[in-house]
Structure formats: structure tokens, C-alpha cells
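Take a look at the structure below.
The values are calculated or read from the model by the stated rules, or taken from the named source; none is laboratory data. For clarity, every value in this text was computed on a predicted model and none was experimentally measured. Every residue, glycine among them, receives a Cβ derived from its backbone with ideal geometry; neighbour counts consider all protein chains shown. Each accessible area value is taken on the protein alone, full model and side chains, heavy atoms only, with ligands, DNA and RNA left out. Shrake-Rupley method; radii C 1.70, N 1.55, O 1.52, S 1.80 Å.
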Amino acid sequence: MTVELLSANHAAALAATLAGRANRKGRGFVSGVYPITPSTECMEFLCQQKFDKGRVVRVESEHSAMGACIGAASAGARTFTATSSNGLAYMYENCIAAAMLRLPVVMAVANRTLGPPWNIWADHGDALTLRDHGLVQFYCADNQELFDSVLMAFRLAEDRRVMMPVMVNMEGFILSHTVAQTNVPDQGLVDDFLPPADIPHRMDHAAHTLGQIEIPHQTEMHRWQHHQAMLGVPKVYEEVQGEFEKVFARKLADAVEAYRAEDADTLIVSMGTIGLTAMRVVDAAREMGQRVGAVRVRLYRPLPAETIAALVAGRKAVAVVDRDISLGTGGILWQDVRALAAGATVVQSYMAGVGGGDVRPEHIAKMLADLAPRKTAGAPAVMEAV
């Protein structure tokens, strides 16, 4: 195990490299890549790596980048790609195809605002557009978590009970270009953690059609099977957590991370780096005698509904902070949390950092001040964060 100074982009690429090399006794590794800010450095790093079996394929578009992964995964290879924002939007069709074909492609997404008008800064809206299409989604809070999550994603995606793409999200520039100390395991440990990929429905010796037309009942059954597999992801993730800790001697973050929430009257619920800022706000509020806690949703799809419902049950108020906006409705995470809350709990939507503004402790403190006197939830509020 070594400690390296890595940006989150480089951490994702290094984790994918180690995972790709771990499949040298299987059907190898393929990564389809096409550059887009702020994800480009991930691909540049990956393109410099050497593989005993496999290659990085430089293609002419994001659509083709995922297409290369679909072809390689269909032949049984371990696959990885990275993208962001409108590049992800151009990839959407093939992201959905990979999901519906139940192919375990791992993606690193540097979350960036969709345009136009053009904006290169962080916003979760690019990835959240795919939330209902059968891809597992994780949102990371720091570089170490990002590195560990990419390694984990291969083990999770390739589990026969899962077999679907896993998207690992980092906020553009906030994480993608921030350098931090990162614990990097040696190849032998990664080999112990990641067995050779075994994709049961791969193209092999017997010819068969990939993505043929279906009648309605077949589609209904396939969607149901996919839905059931998605519901089983949290349990499989817990098993992967155990294996990860056994091999690497450190614990993967839980699907939902609660902080000083046991006796809290008020919770701050968020995803990504805002969750770390919320912890600082909680500490400051506790020093003033306020019973405030924080909940960071790390696994967003499938949503750990029972865990979140248990955490918000009986609270006086919940502030849900979204770095996104569902136009005409409000925060996307808020919609899910509101649906899970029961009784008289006030669940208020705050949208902050939309388009990439910094969300600082004072911004979240302002939300708590706004929330404190409320007896009922108001209209979703956009909080200015610059």
C-alpha cells in the first residue's frame, strides 16, 4: 500500500487501471474514451497506462465510447469509461442500452452543468437524468472514497446478482481537479479483491442475437427482473464492503452515512461533497446547543429507502440540499426524501450550488435558520451560493 497525491480524476483512472490489469487471466480490459471537461484528465491518465491484455480505445464521440464498452463487455471483457455533462447526454442512448443489456460497465462521471448556456462547473443534474434507467449510482465526497468506489464498482457490477452498469460520481473541479493524499493498494491486493470477470450472457462459441426485438410481455418480465436485481444491490454492496475491508484493511463508506443523527431534531440531507460541509455545520450547531444531525446519501440508485425512512422518522424538520433542480418541481433528492417522510416532519427543499457555486457552511446555516420556525414545508427554495 502506498500513499499518493492524486486528483479525483487520476484516482478514478488508477483504480480502473488496477482493475483492468486484475482481469489479465480473464477476457482482458477495454476502455472507450472521448475527452470532455472536467473529465478529460481521467482519460489522459488512463491512456498512458499499460495492460497485459486489453487497451484504451480512443473514439470519435462519447456515444461511441460507451459503444466500445458495450461490445467489449458483450464479449466478456472488464470495461470502463469516463465522461461528463453534455458528453454524458450524448452517451445516454448507449448508457441505457448497456443497462438494459445487463452489462457491467463501470463509469466515472465528473458531474458538470448541462448546457447551453455553457457552464463547466459542478451540478448533479447530468447523472441524475439517468436515475430511472437501471444504472447503479454512487456519489462521492472525497478522493479516497472515489478511488475505493471505482474499485468496488467492478466487484459490484460483475456480481451475477447485479450485472448492470455502475456509475461513480464526483463533482467537477470540486473533486475532479482537487489533489489529495490517496491510499493506493498494490496489484496483488487488487487481484485478491477482483476475480476475473465472468459475464454469463457474453458472446461466446454459440451465436445469438444481442438486443433483439421483444413482445410486450417479454419486456415487462425483463424490466421486472432488472428491478428485482436493482432492489438487491444494497445487500450485495454490504457483502462487497466486507470483502473490501478484509482485503484492504479499511472500510468502504456505507450506502447512507449518518452523522450525529441519533438524537437530532433536525437533519441536513445531501449528496456528494455538500455532505462533508454539512458535518461542519452540525458541529457548530451542536456547540450552540442545537440538536442537528446530517445524512449523506451515497448510494442514490437504488435508493436505500428503508434506511432513509428510518433516519427521518420522528424528526421535527429535514433540510434536503440538492446540487440540482428538477425544473418545475424542485430538488431531485428532496422528492425522494419527502416521499419517505411520515407524520408531521417538515421536509424542505433547498437547491444550492446549482451550476457550480460553492456551498459553504454559512449557506447551510442560513438554511437551518430558515427551517427552524417552519410549521409546514414551503415552496422549494433556491439558495444563492457563490
Given H placed 1.01 Å from N in the peptide plane, which residues other than close sequence neighbours of VAL347 have an amide H under 5 Å from its amide H?
VAL318, ALA377
29 Å Cα-Cα reach of LYS366 towards lysines, excluding residues that sit fewer than 8 places from it in its own chain:
LYS316, LYS375
Helix-only mean residue ellipticity at 222 nm, the chain, DSSP H runs n ≥ 4 weighted -39,500 (n - 2.57), per residue, nearest 500. What is it?
-12000 deg cm²/dmol
Segment 53-111: mean projected area of Cα convex hull, nm²
3.8
Pick out which of GLU220, GLU60, GLU262 has the largest mean-square fluctuation in a Gaussian network model of the chain, springs linking Cα atoms closer than 10 Å.
GLU220
Using Cα pairs closer than 8 Å and at least 6 residues apart in sequence, work out the relative contact order for segment 210-303, in percent.
29
Inter-label distance, nm, simple model (7 Å from Cα along the C-beta direction), ALA313/ARG250
3.4
Take every Cα pair under 8 Å in the chain that's 6+ residues apart, average their separations, divide by the length, and report that relative contact order as a whole percent.
16
Can you give the FRET efficiency for HIS208 and VAL382, using 1/(1 + (r/R0)^6), R0 = 56 Å, r = Cβ-Cβ distance, to the nearest 0.05?
0.65
Per the rule of 0.36 nm per residue minus the C-alpha distance, extending GLN48 to VAL3 adds in nm 14.2 nm
Apply the Debye scattering formula to segment 280-367, with a single equal point scatterer on each alpha-carbon and no solvent, then give log10 I(q)/I(0) at q = 0.12, 0.15, 0.18 Å⁻¹.
-0.38, -0.60, -0.87
Low-density loop trypsin sites (Lys or Arg not before Pro), segment 205-266, at most 10 other Cβ within 10 Å, DSSP non-H/G/I/E/B, are none
Counting DSSP beta bridges in the chain, what percent are antiparallel, to the nearest 5?
25
LEU327 to ALA365: extension gain in nm, 0.36 nm per residue of separation minus the Cα-Cα distance?
11.2 nm
Residue pairs, from the table LYS50/LYS235; LYS53/LYS246; LYS50/LYS251; LYS25/LYS246, whose Cα atoms sit over 31 Å apart
LYS50/LYS235
Let me see the P(r) profile for segment 78-161: every Cα-Cα distance counted, bins of 5 Å, each bin given as a percent of all pairs.
3, 14, 25, 25, 19, 10, 3, 1, 0
Assigning unit charges at the beta carbon (Lys, Arg +1; Asp, Glu -1) and nothing else, what dipole magnitude in debye, to the nearest 20, does segment 284-353 show about its Cα centre?
160
Averaging 1/r across every pair of distinct alpha carbons in segment 36-80 and inverting yields a Kirkwood hydrodynamic radius, in angstrom, of 11.4
Which trypsin sites (Lys or Arg not before Pro) does segment 335-376 hold that lie in a coil by DSSP with at most 11 other beta carbons within 10 Å?
LYS375
Go through LYS25, LYS316 and list them by solvent-accessible area, largest first, probe radius 1.4 Å.
LYS25, LYS316
Checking a compactness column here: for segment 208-305, what do you get for Rg(Cα) / (2.2 N^0.38 Å), N being the number of residues?
1.56
With every protein chain in place, the chain: carbon and sulfur % of accessible area (1.4 Å)
54
Could you state the accessible area per residue of the chain in Å², with a 1.4 Å probe and every protein chain left in place?
41
So the FRET efficiency between GLN225 and ARG260, C-beta based with R0 = 56 Å and rounded to 0.05, is 0.90
Rg to Rh quotient for the chain, alpha carbon positions, Kirkwood Rh:
0.97
Note down the relative contact order for segment 1-151 as a percent, whole number, built from C-alpha pairs under 8 angstrom at least six residues apart.
25
Could you work out how far the C-alpha centroid of segment 241-265 sits from that of segment 132-199, in angstrom?
16
Expressed in Å to one decimal, the Kirkwood Rh of segment 11-51 from all distinct alpha-carbon pairs is 10.6
